[in-house]
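A quick write-up on the structure given underneath.
The values are calculated or read from the model by the stated rules, or taken from the named source; none is laboratory data. Quick caveat, the model's predicted, so the values are computed rather than measured. Because the Cβ atoms are built from the backbone with ideal geometry, glycine has one as well, and the counts that use them run over all protein chains shown. Heads up: the accessible areas ignore ligands, DNA and RNA and are worked out on the full protein's heavy atoms, side chains in. Shrake-Rupley method; radii C 1.70, N 1.55, O 1.52, S 1.80 Å.
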Amino acid sequence: MGDLLLRVKDLYTHFYTFEGTVKALDGISLELKRAETLGLVGETGCGKSVTALSILGLIPCPPGKVEAAEIWFDGVDLLKLDKEEMRAIRGKKIAMIFQEPATALNPVFPVGEQTAEIIRIHKQVSKREGMQKAVEMFHLVGIPDPDRVSKKYPHELSGGMNQRVMIAAKLSSNPALLVADEPTTALDVTVQAQILQLMKGLVQRFRTAVIFITHDLGVVAEICDRVAVMYAGVIVESSKTRVLFENPRHPYTRSLLQAIPKLVERIDRLPVISGTVPSLINPPSGCRFHPRCSLADSPCKVEKPSPTSVEAEHWVSCFRYDQGD
Amino acid sequence: MLVPVLLGVSVVMFFITHVVPSSPARLIGGPHATEETIRQIESELGLDRPLHLQYGIYIRKVLSGDFGISIHSRNPVIEDLKNYFPATFELTSLAMLITLIIGIPLGVFSATHKDRAADHATRLFSLSGVAMPLFWLGLLLQLLLSSYFKLLPVGGRIDPLVTLLHPIRHMSGLYLIDTLITGNWPAFKSAVLHIILPTTTLVYFLLATLTRMSRSSMLEILRQDYIRNAMADGLPEKTIFYRYALRNALIPTVTIAGLTYGLLLGGDFLVEIIYSWPGLGFYAVGSMASLDFPAIMGVTMLVAVIFVTVNLIVDILYAVLDPRIRYG
C-alpha cells in the first residue's frame with residue numbers, strides 16, 4: 001500500500017438549513033493511488049462536488065458540517081489539520097479545477113498575474129520569477145503567444161483558453177492530487193476533446209493523481225483508470241473503468257449505461273430511470289435507490305447495503321446485485 | 001452630456017422660481033410699499049417683461065459669466081458662490097474622505113465576520129446612523145460637546161476674533177489648507193475645532209450607508225466562484241479578502257459614494273444650517289427665504305455642474321476598477 005495517496009473513510013457531510021438537515025453525503029469511502037485517475041460519476045446533486053470540497057476542506061461551516069473516520073492524504077489526516085496547515089496543502093499538494101473557467105477566474109486581474117500569485121505563494125519566489133514561471137506554464141498547456149495572453153483579462157479569452165489558464169495555474173505547483181470538477185462541461189465539444197487530451201498528457205507527465213468529477217460516462221471511458229458511481233450521497237459501485245462498462249452490477253449503474261444510445265442499434269426511445277432523484281433532507285430509508293429500483297425487495301427498504309466485493313477491485317453496495325441479469 | 005443637462009435644469013428652475021405666486025419686489029419694497037413703488041422695482045429688475053424674454057436675457061448673461069446680482073446680498077451671485085462653495089467643499093470632502101477610510105474596511109470586516117458579534121455591532125451602529133435624523137444628532141452633539149462640556153464651538157467656520165488677530169490669506173478658500181500652508185497655527189486650530197462637529201455628524205450619517213453598502217457587496221462577491229477558487233488555490237485570507245474580493249466589491253460602493261458626494265457638494269443643507277456653516281446650503285436656504293431668484297438659479301446651476309462632473313469621475317473610476325468596462 002506504499003503507493004496509496006488518499007483514503008477517505010466514512011465521510012458524512014451535512015448541511016444545516018432552515019428546511020432541515022441536508023444529508024449530502026452518507027458515508028463515502030474511497031481510495032486513490034498515486035498517479036491514478038478516478039472518475040466520480042453521478043447525476044447533478046448526488047454529492048460529487050460536495051465530496052471534492054469536503055476533501056479540500058472548503059465546505060462553508062456553518063451551514064455545512066464534515067465528519068469522517070479519516071481523510072488520509074499522503075501521510076496526514078486532513079481532518080486534524082488547523083486552518084493554516086490546511087491552506088498550505090490546498091493549491092500546493094491538492095489542486096482543484098472548477099467547472100466554469102470564466103467565473104472561476106477573477107474578472108479584474110490579468111490571467112498571468114493570477115497564476116503568478118499562486119506560484120509566488122506556494123514556491124516563495126519573487127513576483128518576477130512567478131510571472132516567468134506562469135508564462136512557462138502557459139506555454140506548456142499549449143497557449144499560443146503566452147507572453148501576450150498572460151496580460152489579458154479572463155473576459156478577453158475564450159472558454160477553452162481560460163480552462164487552459166486554469167490548468168496551468170493548478171499544475172504550476174506540481175500537486176500530488178488534482179480534483180477536476182466537470183472541467184469540460186462548460187466547453188464546446190471540440191474544445192472538450194482538446195482539454196481532455198491536454199489533461200491526460202499532463203497528468204501522466206507529472207504523475208498527478210486525479211479525481212475526475214463528471215456526469216459524462218464517455219469522458220470517464222476516455223481518461224479514467226477507475227470509476228466510482230455515486231447516487232444520492234452514496235457510492236453505489238466502484239471498479240476499474242473497463243470492468244464497470246463490461247460488467248456493471250448495481251441496478252443504478254446498469255440503468256445509466258442503458259441510457260446511452262449505441263451507434264449500431266436503432267431505437268425510438270431511450271430507456272429512462274423511473275422516478276426522480278430523492279430529496280436529501282428526507283432520503284429514503286435503507287438503500288437510497290430502492291424507490292426507483294426494479295429489483296428492490298423488503299430488506300432494501302430497511303437496511304443500508306454496505307460495499308460487497310464482487311471480484312478483485314470491484315465493489316458494489318446492493319443486496320440484489322446478482323439478480324435480474 | 002453637460003450642456004443638455006444644464007439647459008434643462010436652467011429652464012425648469014427658471015420657470016419654477018418665476019411662477020411662484022409672490023414677487024421679490026414685494027419683499028424688497030417691504031409691507032408698506034405702494035403699488036407704484038413695487039411696479040418700479042419690478043421694471044428695474046426686468047420682472048415686468050414676458051417670461052421667455054427674461055429667460056433669454058438670463059441665458060445670454062450666464063454664457064458671459066454673469067449670474068446676476070443677488071437681491072438679498074447685493075453682490076454678484078458668482079462672487080457669492082465663490083465665497084460659499086469652498087466651505088461646503090471643505091466640509092463635504094473631509095467627511096467623505098473619513099467615511100471612505102473607515103467605512104470600507106468596516107464593511108469588509110463585517111462581511112468577513114458575518115453573523116458574529118463584531119458584525120452585529122457594526123450593523124447596529126450603521127442602522128442607528130440611518131435611523132437617526134441628522135438634525136437630531138447634530139443638536140445632541142452640540143448640546144453635549146459644546147454646551148455641557150464646552151469642548152467645541154457650537155457653530156460657524158472659524159472664530160472671527162482669531163481671524164481678526166491672524167488674518168487668513170485666501171488661496172484655495174479652504175481654511176484648513178490655507179492656514180496650513182501659510183503656517184497660521186492659531187487660525188488652523190480654530191478651523192479644526194470648528195469643523196469637528198459638522199464633520200462628525202456627516203460622517204456618522206454617511207458611514208451608515210457606506211458600511212452597509214460595502215458589507216453587502218462584499219458578501220455578494222464572497223459567494224462568487226473565483227473566491228472559492230482562490231481558496232482552493234491556498235491563497236491567504238488577507239489576499240483573498242482585501243485584493244481579490246475588495247477590488248470587485250468596490251465597484252458598487254464607488255457608485256454610491258460618488259453620488260452621495262455629488263449630492264452633498266450641492267449643499268448639505270441640514271448640517272450647514274445646524275452648525276451655521278457658511279456653505280452653499282446655508283446660502284441657498286437664505287436665498288430661498290428671500291425669493292432671491294438670481295441666487296437660487298446660480299446655486300442650482302452650480303449644483304448641476306458639480307453633479308454631472310462627479311458622475312463623470314465615477315464613470316472613469318469604473319473603468320479603472322473593472323477592466324471589463326471600456327469607453328470607446
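Are any of the residues in segment A:241-248 closer than 25 Å to A:Lys23 by Cβ, of a type in the set (A, V, I, L, M) and in contact with a Lys or Arg (Cβ under 9 Å, 6 or more places away or on another chain)? It would help to see each step written out before you state the result.
Quick first cut of segment A:241-248, residues closer than 25 Å to A:Lys23 by Cβ only: none.
No, that holds for no residue.
So B:Arg324 passes all but one of these: (1) within 14 Å of chain A (Cβ to nearest Cβ); (2) part of a helix (DSSP H, G or I); (3) surrounded by fewer than 22 Cβ atoms within 10 Å (Cβ to Cβ); (4) of a type outside the set (Phe, Trp, Tyr). Which condition number does it fail?
Among (1) within 14 Å of chain A (Cβ to nearest Cβ); (2) part of a helix (DSSP H, G or I); (3) surrounded by fewer than 22 Cβ atoms within 10 Å (Cβ to Cβ); (4) of a type outside the set (Phe, Trp, Tyr), the lone unmet condition for B:Arg324 is (2).
Please verify whether segment A:20-27 includes one or more residues that are touching an Asp or Glu at 6+ places or on another chain (Cβ under 9 Å) and of a type outside the set (A, V, I, L, M, F, W, C). Lay out the reasoning, then the answer.
To start, the set of residues in segment A:20-27 that are touching an Asp or Glu at 6+ places or on another chain (Cβ under 9 Å) comprises A:27.
Within this subset, residues satisfying the condition of being of a type outside the set (A, V, I, L, M, F, W, C) are A:27.
Taking every residue of segment A:20-27 in turn, at least one turns out to be touching an Asp or Glu at 6+ places or on another chain (Cβ under 9 Å) and of a type outside the set (A, V, I, L, M, F, W, C).
Determine whether A:Leu171 is open to solvent by less than 20 Å² (accessible area, probe 1.4 Å) and touching a Phe, Trp or Tyr at 6+ places or on another chain (Cβ under 8 Å). Write out each step before concluding.
Working: open to solvent by less than 20 Å² (accessible area, probe 1.4 Å): yes; touching a Phe, Trp or Tyr at 6+ places or on another chain (Cβ under 8 Å): yes.
Taking the combined requirement at face value, the residue satisfies it.
Pull up segment A:115-130, narrow it to residues that are open to solvent by less than 50 Å² (accessible area, probe 1.4 Å) and within 18 Å of A:Ile94 (Cα to Cα), then point me to the one that is farthest from the other protein chains (Cβ to nearest Cβ).
A:Ala116
Take segment A:143-168 and flag every residue that is in a loop (DSSP other than H, G, I, E, B), open to solvent by 10 Å² or more (accessible area, probe 1.4 Å) and either away from chain B (no Cβ under 12 Å) or not basic (Lys, Arg) (or both). Full working, then the answer.
Step one: of segment A:143-168, the residues in a loop (DSSP other than H, G, I, E, B) are A:143-145, A:150-153, A:157-158.
Subsequent filtering for residues that are open to solvent by 10 Å² or more (accessible area, probe 1.4 Å) retains A:144-145, A:151-153, A:157-158.
Selection gives A:Pro144, A:Asp145, A:Tyr153, A:Leu157, A:Ser158.
Could you check B:Leu219 against (1) without any contact (Cβ under 8 Å) to a residue 60 or more places away in the chain; (2) aliphatic (A, V, I, L, M); (3) within 14 Å of chain A (Cβ to nearest Cβ); (4) surrounded by fewer than 22 Cβ atoms within 10 Å (Cβ to Cβ) and say which number it fails?
Going through (1) without any contact (Cβ under 8 Å) to a residue 60 or more places away in the chain; (2) aliphatic (A, V, I, L, M); (3) within 14 Å of chain A (Cβ to nearest Cβ); (4) surrounded by fewer than 22 Cβ atoms within 10 Å (Cβ to Cβ) one by one, B:Leu219 breaks only (1).
Could you tell me whether any residue of segment B:28-36 is free of Cβ contacts under 8 Å to residues at least 24 places away in the same chain, in contact with an Asp or Glu (Cβ under 9 Å, 6 or more places away or on another chain) and assigned to a loop (DSSP other than H, G, I, E, B)?
As a first pass, look at segment B:28-36 and keep what is free of Cβ contacts under 8 Å to residues at least 24 places away in the same chain: B:29-36.
Going one step further and asking which of them are in contact with an Asp or Glu (Cβ under 9 Å, 6 or more places away or on another chain), we end up with none.
For segment B:28-36, residues free of Cβ contacts under 8 Å to residues at least 24 places away in the same chain, in contact with an Asp or Glu (Cβ under 9 Å, 6 or more places away or on another chain) and assigned to a loop (DSSP other than H, G, I, E, B): absent.
Identify all residues within segment A:22-62 that are open to solvent by less than 40 Å² (accessible area, probe 1.4 Å) and over 18 Å from the mean Cα position of the chain (by Cα); write none if there are none.
A:Val22
State all residues of segment A:72-109 that are farther than 20 Å from A:Val179 by Cα and either part of a strand (DSSP E or B) or at the interface with chain B (Cβ under 8 Å from one of its Cβ atoms) (or both); if no residue qualifies, say none.
A:Pro107, A:Val108, A:Phe109
Any residue at all in segment A:145-164 that is closer than 25 Å to A:Ile213 by Cβ, touching a residue at least 12 places away in the same chain (Cβ under 8 Å), hydrophobic (A, V, I, L, M, F, W, C) and out of contact with any helix residue (DSSP H, G or I) (no Cβ under 6 Å at 6 or more places or on another chain)?
Yes, that holds for at least one residue.
Name the single residue that is farthest from A:Gly159 (Cα to Cα) among those in segment A:187-225 being open to solvent by 30 Å² or more (accessible area, probe 1.4 Å) and small (Gly, Ala, Ser).
Ranking the candidates gives A:Ala221 first.
Tell me, which helices (runs of 4 or more DSSP H) lie completely within segment B:180-299 with 1 or more residues that are closer than 30 Å to B:Ser10 by Cα?
Working: elements: B:185-222, B:225-232, B:246-265, B:269-274, B:280-289.
By residue number, B:185-222, B:246-265, B:269-274, B:280-289.
All but one of (1) open to solvent by 30 Å² or more (accessible area, probe 1.4 Å); (2) of a type in the set (Ser, Thr, Tyr); (3) away from every other protein chain (no Cβ under 14 Å) hold for B:Tyr242; state the number of the condition that does not hold.
(3)
Scan segment B:262-279 for residues that are open to solvent by less than 20 Å² (accessible area, probe 1.4 Å) and within 13 Å of the chain's Cα centre (by Cα) and jot them down. Can you show your working first?
Residues of segment B:262-279 that are open to solvent by less than 20 Å² (accessible area, probe 1.4 Å), as a first pass: B:262, B:265-268, B:271-272, B:275, B:277, B:279.
Those that are open to solvent by less than 20 Å² (accessible area, probe 1.4 Å) and within 13 Å of the chain's Cα centre (by Cα): B:Gly262, B:Leu265, B:Gly266, B:Gly267, B:Asp268, B:Val271, B:Glu272, B:Trp277, B:Gly279.
Please find, among B:Arg169, B:Arg157, the residue that is loosely packed, with under 12 Cβ neighbours inside 10 Å, touching a residue at least 12 places away in the same chain (Cβ under 8 Å) and either farther than 19 Å from B:Ser217 by Cβ or touching a strand residue (DSSP E or B) at 6+ places or on another chain (Cβ under 7 Å) (or both).
Values: B:Arg157 fails: loosely packed, with under 12 Cβ neighbours inside 10 Å.
Only one candidate passes the filter, namely B:Arg169.
Can you report the number of residues in segment B:143-170 which are part of a loop (DSSP other than H, G, I, E, B), aliphatic (A, V, I, L, M) and farther than 22 Å from B:Phe282 by Cα?
If we filter segment B:143-170 for residues that are part of a loop (DSSP other than H, G, I, E, B), which is where we start, we get B:149-159, B:166-170.
Those still in the list that are aliphatic (A, V, I, L, M) too: B:151-152, B:154, B:158, B:168.
From what is left, the residues that are farther than 22 Å from B:Phe282 by Cα are B:151.
Number satisfying all stated conditions: 1.
Out of the residues in segment B:143-154 meeting the condition of being free of Cβ contacts under 8 Å to residues at least 24 places away in the same chain and open to solvent by less than 90 Å² (accessible area, probe 1.4 Å), tell me which one is farthest from B:Leu202 (Cα to Cα). Write out each step before concluding.
Let us first name the residues in segment B:143-154 that are free of Cβ contacts under 8 Å to residues at least 24 places away in the same chain, namely B:143-144, B:147-151.
Checking the rest, the ones that are also open to solvent by less than 90 Å² (accessible area, probe 1.4 Å) come to B:143-144, B:147.
Values: B:Leu143: 17, B:Leu144: 17, B:Ser147: 20 Å.
Among those residues, the one meeting the criterion is B:Ser147.
Which residues, taken from segment B:53-88, are touching a Gly at 6+ places or on another chain (Cβ under 8 Å), more than 14 Å from B:Pro294 (Cβ to Cβ) and surrounded by fewer than 19 Cβ atoms within 10 Å (Cβ to Cβ)?
Residues satisfying the conditions are B:Lys82, B:Asn83.
Being over 28 Å from A:Ala116 (Cβ atoms) and assigned to a strand (DSSP E or B) is the requirement here; does A:Leu25 meet it?
It is false that A:Leu25 is over 28 Å from A:Ala116 (Cβ atoms) and assigned to a strand (DSSP E or B).
Taking segment B:126-142 on its own, how many of its residues are part of a helix (DSSP H, G or I) and free of Cβ contacts under 8 Å to residues at least 24 places away in the same chain? Steps first, please.
Of segment B:126-142, the ones part of a helix (DSSP H, G or I) are B:126-131, B:134-142.
Retained after the next criterion (residues that are free of Cβ contacts under 8 Å to residues at least 24 places away in the same chain): B:131, B:136, B:140.
Of the residues in that region, 3 qualify.
Given the criteria open to solvent by 70 Å² or more (accessible area, probe 1.4 Å) and closer than 26 Å to B:Thr200 by Cα, does B:Phe282 qualify? Full working, then the answer.
Working: open to solvent by 70 Å² or more (accessible area, probe 1.4 Å): yes; closer than 26 Å to B:Thr200 by Cα: yes.
It is true that B:Phe282 is open to solvent by 70 Å² or more (accessible area, probe 1.4 Å) and closer than 26 Å to B:Thr200 by Cα.
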